[in-house]
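A short write-up of the structure that comes next.
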Amino acid sequence: MIATLRLLHIVLGAVAVAICLAIITLGPAATASSSEALFDALTGTRHASTGAWPPTMDSELRFYAPFWGAYGLVLLHIARRLPATLGWVPPTAALFFAGGVGRAISYFAVGAPHPFFVLLMIIELVLPVLFVALWQIAKA
């Protein structure tokens, strides 16, 4: 279980850092558009692109991106030091789950985003449950 938990933390941590760097350097609109296009290509579907984002949203997301990147670095630290850092798994899983809840609230409050972002919401609601289940087994 430790090996699986380590691998999941490494993957999510690395993805979080990469997304952070993409948002800061390329901008959130370009990051989202490229992700949407990749999703459409991989699934063989075609959905409308989100398109340009207003300057306020660009500013806001470039501000929050380093926090997402820091979360990724924390996950990488946890992975590197498992099993000594097992106690960090539930709170970081809860934080990730809270992000999924935020997406769910947005989904119901303002409507469905591009399907790629619906997929992210599902991952953010399911993966933390897996983290905690693996944590429960690993700590036993």
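Phi-derived couplings, Karplus 6.51 cos²θ - 1.76 cosθ + 1.60 at θ = phi - 60°, listed residue by residue for the range 125-140: 8, 9, 4, x, 5, 5, 4, 5, 5, 5, 4, 4, 5, 5, 7, 6 Hz, with x used for Gly and Pro.
Simple spin-label estimate for ALA84 and VAL132 gives 2.7 nm between the two label positions (7 Å along the Cα-to-Cβ direction from each Cα). Within the assembled protein chains, the solvent-accessible surface assigned to HIS47 is about 60 Å², based on a 1.4 Å probe. Taking the helices alone, the chain has a mean residue ellipticity at 222 nm of -29000 deg cm²/dmol, built from -39,500 (n - 2.57) per DSSP H run of at least 4 residues and averaged over all its residues. Once you divide the Cα radius of gyration of the range 26-93 by 2.2 N^0.38 Å, the number left is 1.52.
Projecting the Cα atoms of CYS20, ALA109, ALA37 onto the charge dipole of the chain (Cβ charges, centred on the Cα centre) puts CYS20 farthest toward the positive pole. Evaluated with a Cβ-only charge set (Lys, Arg +1; Asp, Glu -1), the chain carries a dipole of roughly 460 debye about its Cα centre, given to the nearest 20. The order of GLU124, GLU60 by accessible area, most exposed first and with a 1.4 Å probe, is GLU60, GLU124. Using a probe of 1.4 Å, the accessible surface attributed to MET57 totals some 90 Å² when neighbouring protein chains are kept in position.
Computed from backbone phi with θ = phi - 60° and the Karplus coefficients 6.51, -1.76 and 1.60, the 3J(HN,Hα) list for the range 65-70 is 3, x, 5, 5, x, 5 Hz; x is used for glycine and proline. Going by Cα centres, the range 1-57 and the range 65-140 are how many Å apart? First find each Cα centre; the distance between them is then 15 Å.
Applied to the range 34-45, the Karplus parametrisation 6.51 cos²θ - 1.76 cosθ + 1.60 on θ = phi - 60° returns per-residue 3J(HN,Hα) values of 5, 5, 5, 5, 5, 4, 4, 5, 6, 9, x, 10 Hz, with x for Gly and Pro.
Per residue, the solvent-accessible area of the range 6-65 (1.4 Å probe, heavy atoms of protein chains only, all protein chains present) comes to 60 Å².
The values are calculated or read from the model by the stated rules, or taken from the named source; none is laboratory data. What you are looking at is a predicted structure, and each value in this text was computed from that prediction instead of being measured. Counting neighbours? That spans all protein chains shown, and the Cβs are built from the backbone with ideal geometry, glycine included. Ligands, DNA and RNA are excluded from the accessible area calculation, which covers all protein heavy atoms including side chains. Shrake-Rupley method; radii C 1.70, N 1.55, O 1.52, S 1.80 Å.
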